[in-house]
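See structure below.
The values are calculated or read from the model by the stated rules, or taken from the named source; none is laboratory data. All figures in this text were calculated on a predicted structure; none of them were measured in a lab. Here the Cβ positions follow ideal geometry from the backbone for every residue, glycine too, while neighbour counts run over all protein chains shown. With ligands, DNA and RNA removed, areas are computed over all heavy atoms of the protein, side chains included. Shrake-Rupley method; radii C 1.70, N 1.55, O 1.52, S 1.80 Å.
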Amino acid sequence: MDWKKTKSIFILTFLVLNLFLGYQLYLKNDLNNIEYLSEQPIEEKLAISNIAYQDKIPKYKDKQTLISAQRYEFTEEEKELDSKAISLEEEVSTDITLHYALTKPLNLPKKDTKDLIAELEKFLEENVTRGKDYTYFKWDKEQNIIWFNQNYFEKPIFYNSSNFEKLEGSELDYQAPNGMIKFELDEKGNLSKFTQTYLNIMRQGGYQEIITPKKALERILDTSHLKKGHKIHDIQLGYYSLVAIGDLQVYAPTWFIETEKGQYLVNATDSSIQVLSEKEE
């Protein structure tokens with residue numbers, strides 16, 4: 001027997017075996033790292049990416065229902081408001097879309113957004129039919145328009161202005177979105193006009209599980225809508241339209257997430273994403 005040759009074969013065999021075992025160990029560690037990352041809490045992911053959110057992630061009920069809604073037809077009594085400083089524009093108003101003008105523009109706070117919102121909330125509560133049913137949604141500073149949206153059990157009905165069109169086949173007046181108050185400001189930033197629509201809302205079907213707000217955050221993080229160094233301004237649960245059947249619309253539970261770079265809707269039942277607005281980087 002050639003011991004030198006046999007020795008070389010053993011050494012080569014052990015070397016190959018060690019390489020194989022080392023490679024298996026590498027694969028195992030790599031898989032463990034992947035599993036760790038996938039199970040990593042969202043708080044850690046946000047911290048690693050230096051993404052800040054000052055408030056607490058909201059609590060919620062893990063089961064919600066779909067809702068359906070149709071435009072509400074205002075009565076003649078509801079159209080006429082108590083304040084003499086507000087007049088109904090009858091020539092452009094209909095039973096489902098009310099247009100109002102102020103005889104004198106209402107002065108609004110200019111420096112503090114919170115004060116401005118509070119002033120408009122007070123105006124709604126004191127002057128507008130069902131005014132308490134609306135909450136602030138967004139301020140379009142380019143168009144000088146402030147939007148308030150209708151709530152359903154304290155959850156807002158979200159609206160995507162880029163997708164707003166008259167419903168096909170509908171003979172109703174759809175000059176304004178469903179369940180919204182559209183405040184129009186003049187060149188000085190004071191309230192001069194507003195438009196109101198309202199929805200009759202009904203629950204549809206049974207309760208179903210929805211994704212958590214943390215999962216919604218993970219969705220916009222994984223799809224690169226939320227990036228390193230961004231700040232999260234708001235997270236809230238509401239409803240967004242899934243489909244329209246004639247004048248009837250069906251809404252799904254939806255997470256609204258606002259960052260310094262954009263506004264996003266994450267469907268709480270199937271995790272799909274709608275981009276409301278997004279700044280280019």
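Quote the FRET efficiency, to the nearest 0.05, computed for residue 190 versus residue 279 with a Förster distance R0 of 25 Å and r equal to the Cβ-Cβ distance.
With a Förster radius of 25 Å, E is 0.35.
What percent do you get for the relative contact order of segment 73-197 when only Cα pairs under 8 Å and 6+ apart count?
RCO, segment 73-197: 27 percent.
Can you list which of the trypsin sites (Lys or Arg not before Pro) found in segment 226-255 are DSSP loop residues with at most 14 other C-beta atoms within 10 Å?
Answer in residue order: 227, 228.
Hey, what D do you get for segment 73-197 in µm²/s if you plug the Kirkwood alpha-carbon radius into Stokes-Einstein at 20 °C and 1.002 mPa s?
142 µm²/s
Run the accessible area of segment 196-275 with a 1.4 Å probe and give the carbon-and-sulfur part as a rounded percent.
Carbon with sulfur: 45 percent of the solvent-accessible area.
If the limit is 30 Å between Cα atoms, which of 59/79; 114/188; 182/231; 59/110; 122/214; 193/215 go over it?
59/79; 59/110; 122/214; 193/215
Nearest 0.05, what FRET efficiency do residue 118 and residue 40 give at R0 = 30 Å with Cβ-Cβ as r?
Efficiency, rounded to the nearest 0.05: 0.15.
Whole Å is fine, so just give me how far the alpha carbon centre of segment 222-246 lies from that of segment 46-86.
Centre-to-centre distance over Cα atoms comes out at 14 Å.
Relative to the Cα centre, what is the charge dipole magnitude of segment 73-197, using +1 at the beta carbon of each Lys and Arg, -1 at the beta carbon of each Asp and Glu, and rounding to the nearest 20 debye?
Dipole magnitude for segment 73-197 comes out near 740 debye.
Which order do the peptides 232-238, 193-199 take when ranked by the mean count of other beta-carbon atoms within 10 Å per residue, highest first?
Those peptides, ordered most packed to least, come out 193-199, 232-238.
Using the beta-carbon distance between residue 91 and residue 272 and R0 = 35 Å, what value does 1/(1 + (r/R0)^6) give for FRET efficiency, to the nearest 0.05?
Efficiency, from the Cβ-Cβ distance: 0.25.
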